[in-house]
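Working notes, structure below.
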Amino acid sequence: MSTDTKKSTNPGPLGLLGFGMTTVLLNLHNAGIIELSVVIVAMGLVVGGAAQIIAGITELQLGNTFGGTAFTAYGTFWWSLCIIWINPFNAIKAADGKSMGFYLLLWGIFTFFMFLGTLKHNRAGQVVFLSLTVLFFLLAIGDFSESHGVKIIAGYVGIVCGLSAIYSAVGQIVNGEFGKPIFPL
């Protein structure tokens, strides 16, 4: 690439891949396909957490408040979720269904408002945020009601959500490299 044709920076695919891959992995657990293990925790801390926070900070530096808020917030979601699972605070009671229900409900409300922001974005982003809103509300209902069935349904919604984020990331990368829409977004 010549020095006079510098590409613009797009941290979105990094954030979407961090979100999407971690969301698929966690929701394979929620759907009852795999056990919760250090694999999910490590993915949450590093890929879901750190990669999204890096993407979010970069988005903020580029003046993208929506992308910066989304990636940074969901990166911190992954870090907080992993801390909840690990519970390194021996003197503090572990999470229960009621506290997790409220935790997930708050994330669902935040995500619904972020979904409204996507109504000015492409269809792929709308699918990611709408399915994530549904996922958080289903997970909250599952925790409040202690319903294993609702959590399994949420797991499948989460797999679709994560795959839609991966698709959006790959679409942005491939479309950017070819300079034309190969993957419709």
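Among the helices (runs of 4 or more DSSP H) confined wholly to segment 1-91, which include 2 or more residues that are among the hydroxyl-bearing types (Ser, Thr, Tyr)?
In segment 1-91, 12-30, 65-86 are the helices (runs of 4 or more DSSP H) which contain 2 or more residues that are among the hydroxyl-bearing types (Ser, Thr, Tyr).
From (1) under 22 Å from Met43 (Cα atoms); (2) surrounded by fewer than 17 Cβ atoms within 10 Å (Cβ to Cβ); (3) acidic (Asp, Glu), pick out the condition that doesn't hold for Asp96.
Result: Asp96 passes all but (1).
Since Leu132 meets every condition but one in (1) under 23 Å from Val39 (Cβ atoms); (2) outside any helix (DSSP H, G or I), which condition does it not meet?
The one condition Leu132 does not meet is (2).
Which residue out of Thr58, Thr72 is touching a Gly at 6+ places or on another chain (Cβ under 9 Å), without any contact (Cβ under 8 Å) to a residue 24 or more places away in the chain and hydroxyl-bearing (Ser, Thr, Tyr)?
Testing whether each residue is touching a Gly at 6+ places or on another chain (Cβ under 9 Å), without any contact (Cβ under 8 Å) to a residue 24 or more places away in the chain and hydroxyl-bearing (Ser, Thr, Tyr) leaves just Thr72.
Does any residue of segment 79-93 turn out to be free of Cβ contacts under 8 Å to residues at least 24 places away in the same chain, surrounded by 17 or more Cβ atoms within 10 Å (Cβ to Cβ) and in contact with a Gly (Cβ under 6 Å, 6 or more places away or on another chain)?
No.
Pick out the one residue from Leu17, Leu104 that is within 12 Å of the chain's Cα centre (by Cα) and at pLDDT 95 or above.
Going through Leu17, Leu104 in turn, just one is within 12 Å of the chain's Cα centre (by Cα) and at pLDDT 95 or above: Leu17.
Just for segment 38-55: of the residues that are out of contact with any Ser or Thr (no Cβ under 8 Å at 6 or more places or on another chain) and in contact (Cβ under 8 Å) with a residue 24 or more places away in the chain, which one is surrounded by the most Cβ atoms within 10 Å (Cβ to Cβ)?
Once the filter is applied, the top-ranked residue is Ala55.
The values are calculated or read from the model by the stated rules, or taken from the named source; none is laboratory data. Predicted model, so just to flag it, every value in this text is computed and none were measured. Using ideal geometry, Cβ is built from the backbone for each residue, glycine included, and neighbour counts are taken over all protein chains shown.
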